[in-house]
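Below: one structure, written as structure tokens.
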Amino acid sequence: MLDEIGWNPLKTASFATGLSRYIFQFIRFRVRSKKANIDQDLKISPILSDYAKEAGDSRSLYFLQDLSCSQYVLSKAPNRHIDIGSRLDGFVAQICASRPIEVMDIRPTETQIKNIYFTQADICKLKPELAESYDLVTSLHALEHIGLGRYGDPIDPNGFTKGLENCRRLARSQGEVLISLPIASTPKDTTEFNAQRIFSSKTILETLAHSFANDDLRWWCACDSSRRPISGSSAELLRSTLNDFRGVGFLATSWKKK
């Protein structure tokens, strides 16, 4: 009832508690600074709720996805690894801290970082000479955007399928393709134009199996709204996990190309 008129009593109480705590601590800090003869420009810049939060956002889907996938990649130690469109400030950074990684993105970057070898390119317009060149191809939360125009790419309703197929083309025989996608416990896929596609947990395996029909599932990691990732290599366990999937989360799968 109160929410309908724009008032949340819990948020109001939390704000009042945080503000009173801030005022008390500000006064104490100013008094003690003067006693310590600290020369400073003291300004008011209130942050009222961080003291009550956990030490970092360890339940973020991006954090859990990037951590799970980077641990898998580092355990594989591929000779030549290319990533398509994953976050530079997440998964790519975790990999390049200890080993080289090639990165392809449709957007430019002026950043030059050790161990990152960047190419601006469209995965849907793959150069023939790149085919079958890599031991590992990764793409985390990127393919669902292809064809929606959000990042300057051409509008193409089949953009996801084309991008997925070209990721497979990049991998050499016996190489792996690691893909992570947003999924939800919905009866069918959803396109939130132009933000993203969200794939159905009921049909995502059929979607992936179509592109990787002749390949072997080597590893997977699924995480739903519970924020408790489950990983393994068994296809049967994956099907069971997806049947029990709740809310919104991600599914990462790695396929060995034959």
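The values are calculated or read from the model by the stated rules, or taken from the named source; none is laboratory data. Keep in mind that this is a model prediction, so the values were computed, not measured. Positions of Cβ are generated from backbone atoms using ideal geometry, with glycine treated the same way; all protein chains shown enter the neighbour counts. Heavy atoms of the whole protein, side chains included, go into the accessibility calculation; ligands, DNA and RNA do not. Shrake-Rupley method; radii C 1.70, N 1.55, O 1.52, S 1.80 Å.
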Filter segment 208-219 down to the residues that are of a type outside the set (A, V, I, L, M) and open to solvent by 40 Å² or more (accessible area, probe 1.4 Å), then identify the one that is nearest to the chain's Cα centre (by Cα). Arg218
Of all residues in segment 152-191, how many are under 24 Å from Glu102 (Cβ atoms) and in contact with a strand residue (DSSP E or B) (Cβ under 8 Å, 6 or more places away or on another chain)? 16
When segment 14-38 is examined, which residues are found to be of a type in the set (Phe, Trp, Tyr), open to solvent by 70 Å² or more (accessible area, probe 1.4 Å) and within 35 Å of the chain's Cα centre (by Cα)? Phe15
Out of curiosity, is Asp135 touching a strand residue (DSSP E or B) at 6+ places or on another chain (Cβ under 7 Å), without any contact (Cβ under 8 Å) to a residue 40 or more places away in the chain and of a type in the set (Asp, Glu)? no
Out of (1) surrounded by 13 or more Cβ atoms within 10 Å (Cβ to Cβ); (2) without any contact (Cβ under 8 Å) to a residue 40 or more places away in the chain; (3) in contact with a strand residue (DSSP E or B) (Cβ under 7 Å, 6 or more places away or on another chain), the odd one out for Thr109 is which? (1)
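Would you confirm, using the coordinates I've provided, whether Thr253 is modelled with pLDDT of 95 or more and open to solvent by 10 Å² or more (accessible area, probe 1.4 Å)?
In short, no.
Before we move on, is Asp41 within 24 Å of Arg227 (Cβ to Cβ) and open to solvent by 20 Å² or more (accessible area, probe 1.4 Å)?
When the stated conditions are applied, Asp41 does not pass them.
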Being surrounded by fewer than 19 Cβ atoms within 10 Å (Cβ to Cβ) and in contact (Cβ under 8 Å) with a residue 12 or more places away in the chain is the filter here; which residues of segment 65-77 pass it? Leu67, Leu74, Lys76, Ala77
Please tell me if Arg197 is at pLDDT 95 or above and surrounded by fewer than 18 Cβ atoms within 10 Å (Cβ to Cβ). no
Can you confirm whether segment 220-237 contains a residue that is over 21 Å from Thr138 (Cα atoms), open to solvent by 30 Å² or more (accessible area, probe 1.4 Å) and either of a type in the set (A, V, I, L, M) or assigned to a helix (DSSP H, G or I) (or both)? yes
Restricting the search to segment 113-136, which residues are buried (at least 16 other Cβ atoms within 10 Å of the Cβ), closer than 22 Å to Gln94 by Cα and β-branched (Val, Ile, Thr)? Ile116
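Of everything in segment 78-90, what is open to solvent by 50 Å² or more (accessible area, probe 1.4 Å), more than 12 Å from the chain's Cα centre (by Cα) and of a type outside the set (S, T, N, Q)? Give them in sequence order.
Across segment 78-90, the qualifying residue is only Arg80.
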The strands (runs of 3 or more DSSP E) lying entirely within segment 55-158 that contain at least 1 residues which are among the polar types (S, T, N, Q) are 116-120, 134-140
Of the conditions (1) without any contact (Cβ under 8 Å) to a residue 12 or more places away in the chain; (2) closer than 24 Å to Ser133 by Cβ, Gly175 fails just one. Which one is it? (1)
